[in-house]
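So the structure is just underneath, and the comments pick up after that.
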Amino acid sequence: MQSSGVEVWTAQPQRLGSDACAELAAVLDQEERERAGRLRFEPDRRAFVVSHAMRRIALGLVLAADPHELRFASGAQGQPILLDARAGALSFSLSRSRELVAFALSAGGPVGVDVEAVRDGVDAALLAPYMDLRDVGEPIGIEDFYVRWTALEAYWKAQGLGLSRTHPRIALNATGDSCMEVRIGAGVRPSGLFAVRLPAPPTHVLSVVCRKVDSVRIVELEKLAPPPAMDPGTNDSGRREGHFVVAGAPRIFSS
């Protein structure tokens, strides 16, 4: 990970399978395992385990630390804080649905990520209390709603806050096919952050909010395997942490 870069990890929990999820659960601490156990439905438990283990693996790689040994606390607004002096100015954000989970991290400024499953029948009026829509054409389609909603959620996560009607409304100004500048107070004041829509299955919308970057590095957690014995000079396209291997080379998404 570059010092000023943004990296987003994704995984589809159902595709990983039960065995992989059991291995990932071993990375979690006792509190995380208890929280997962309190979830009523198996898809929710699996998504929780995969997302929180993925967070540990990604941070462990960046910090050269054992993922299981990482410790977290909650900030004043409930946002997770990593209790590790090596983290420095590292910013991170987690989001999950049943079918897709995402974890973003940045060493170059605040970052927030949000993933949502696309569902028919959504009411676009839900955006109005949080977002200036005067320059948005009517009606707002389902896909456009989710692009804006994920950008909204990710923006406030990047600020270390949850979504609230007490916050000033934001506006989104397109600066490219997949990138929008986030502005504050009916679009008057620049926030210094940009919302980038990232590739995702057609059933989901995934957005990350960060400072302006040329590209976002995407790491897809496809499967787990024991680290293979490597011959000298062999080019390894996987990434390792402990006994976990992230299959496949990371993709670079230009924003």
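Read the figures in this text as sums done on the coordinates, not as results from a lab. Quantities reported herein were computed from a predicted structural model and do not represent experimental measurements. Glycine also receives a Cβ, built like all others from the backbone with ideal geometry; neighbour counts cover every protein chain displayed.
Looking across region 181-196, the residues that are assigned to a strand (DSSP E or B) and surrounded by fewer than 21 Cβ atoms within 10 Å (Cβ to Cβ) come down to Glu181, Arg183, Ile184, Arg189, Pro190, Ser191, Gly192.
Residues in region 114-126 that are assigned to a helix (DSSP H, G or I) and under 23 Å from Leu94 (Cβ atoms): Leu126 alone.
For region 69-100, the set of residues classified as outside any loop (DSSP other than H, G, I, E, B), out of contact with any strand residue (DSSP E or B) (no Cβ under 9 Å at 6 or more places or on another chain) and farther than 18 Å from Val111 by Cβ consists of Glu69, Ala85, listed by residue number.
Residue pairs whose Cβ atoms lie under 8 Å apart, sitting 6 or more positions apart in sequence or on different chains, and linking a residue in region 150-161 that is in a helix (DSSP H, G or I) to a partner that is of a type outside the set (S, T, N, Q) and surrounded by fewer than 19 Cβ atoms within 10 Å (Cβ to Cβ), are Leu152/Leu163; Glu153/Leu163; Trp156/Gly162; Trp156/Leu163; Trp156/His167. Looking only at region 74-101, residues that are exposed (fewer than 14 other Cβ atoms within 10 Å of the Cβ) and farther than 20 Å from Trp156 by Cβ come to 4 in all.
When region 127-149 is filtered for residues that are under 22 Å from the mean Cα position of the chain (by Cα) and in a loop (DSSP other than H, G, I, E, B), only Tyr130 remains. Looking at this structure, is Gly37 exposed (fewer than 15 other Cβ atoms within 10 Å of the Cβ) and either among the aromatic types (Phe, Trp, Tyr) or more than 28 Å from Val182 (Cα to Cα) (or both)? Yes: the conditions hold for Gly37.
Quick check on Ala102: is it out of contact with any Phe, Trp or Tyr (no Cβ under 8 Å at 6 or more places or on another chain) and on the phi < 0 side of the Ramachandran plot? No: the conditions fail for Ala102. Kindly evaluate Arg46 against the criterion of being touching a strand residue (DSSP E or B) at 6+ places or on another chain (Cβ under 7 Å) and either in a loop (DSSP other than H, G, I, E, B) or charged (D, E, K, R) (or both). Against the criterion (touching a strand residue (DSSP E or B) at 6+ places or on another chain (Cβ under 7 Å) and either in a loop (DSSP other than H, G, I, E, B) or charged (D, E, K, R) (or both)), Arg46 does not qualify.
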